[in-house]
1. Looking only at residues that are in contact (Cβ under 8 Å) with a residue 12 or more places away in the chain and among the polar types (S, T, N, Q) in the range 111-144, which one is surrounded by the fewest Cβ atoms within 10 Å (Cβ to Cβ)?
2. Looking only at the range 101-113, decide whether some residue is among the hydroxyl-bearing types (Ser, Thr, Tyr), modelled with pLDDT of 80 or more and closer than 24 Å to GLY224 by Cβ.
3. What number goes with the only condition from (1) under 18 Å from TRP119 (Cβ atoms); (2) modelled with pLDDT of 85 or more; (3) among the acidic types (Asp, Glu); (4) assigned to a helix (DSSP H, G or I) that ASP232 does not pass?
4. Please specify each residue of the range 79-97 satisfying the condition of being surrounded by 15 or more Cβ atoms within 10 Å (Cβ to Cβ) and touching a Leu at 6+ places or on another chain (Cβ under 8 Å).
5. Scan the range 192-217 residue by residue and report those that are under 15 Å from the mean Cα position of the chain (by Cα) and at pLDDT 80 or above.
Amino acid sequence: MECDCCRCSAILRRELNYSLAARAGSRSKEVIIKSALIAGLAAVIGFSSVVYAADEQIDVSIRDLTPYYEKEGVNLADYSSILIDTLGLDDARIVRPPWYEGEEKNPKKWTLSKSDIQWLRQSYRETMTKEIAGNDGFPVVEEPGEGVLILDIEIIYLMPYAERGEKVITRGFGEMLVQAQFRDGRTGELLAVYEGKQDVGTEYQQNTRLNNENRLLDLFRYWGKRVRGLMDRAHES
């Protein structure tokens, strides 16, 4: 995945604090609004819990992602449509949980097949599009341009809690490490980079393909709701 900054080098990291902004009575309304817009960008996928409440029917637990870069002065009201880039899986690794150490385990069960990748990418795009564009939402476009916000998410690793086909009960499907980038659709300029772990389900369940797919769909659905909620609020301001 392209990135204008290196995660291994010193990258700007800024704490976004609404309470400080609210207490700074001497600051102008314009500055406070700008801070809120930047904070809003940080809340899209799970960077903060303040923007969009979780759907009670969705079994996911969204952890905050770490901001590695945030461009100052971003106004999301300038964006009226979203380009959902292909879910990044080219370099994704399947990591065994620590309780599965040993050579007796079949390593072939811990890989992403071509059909797995196809299903993940298709489900991600369809689910995100439905949440963002549905019910008179924001158009999801195929080409970058003026007023387009580019969303690019890459899965760095995925750690399922059980082997494929193993008859056990697990707390959710597993966890993944993800990186999210936001870019301006006209200039391609990098607006923000975030990275962190995401839980894929929190309820105890049988380790079946259907259950695991449903937990992943829940996570994609939650991401889509966060993006939609963020854009709605930006355009209501």
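1. Among residues in the range 111-144 that are in contact (Cβ under 8 Å) with a residue 12 or more places away in the chain and among the polar types (S, T, N, Q), the one surrounded by the fewest Cβ atoms within 10 Å (Cβ to Cβ) is THR111.
2. Checking the range 101-113: not a single residue is among the hydroxyl-bearing types (Ser, Thr, Tyr), modelled with pLDDT of 80 or more and closer than 24 Å to GLY224 by Cβ.
3. Tallying (1) under 18 Å from TRP119 (Cβ atoms); (2) modelled with pLDDT of 85 or more; (3) among the acidic types (Asp, Glu); (4) assigned to a helix (DSSP H, G or I), ASP232 fails exactly one: (1).
4. TYR79, SER81, ILE82, LEU83, ILE84, ASP85, LEU87, LEU89, ALA92, ILE94, VAL95
5. Within the range 192-217, ALA192, VAL193, TYR194, GLU195, GLY196, LYS197, GLN198, VAL200, ARG215, LEU216, LEU217 meet the criteria.
The values are calculated or read from the model by the stated rules, or taken from the named source; none is laboratory data. Since the structure is predicted, the reported quantities are computational estimates derived from the model, not experimental observations. No Cβ is skipped: glycine too gets one built from the backbone with ideal geometry, and neighbour counts run over all protein chains shown.
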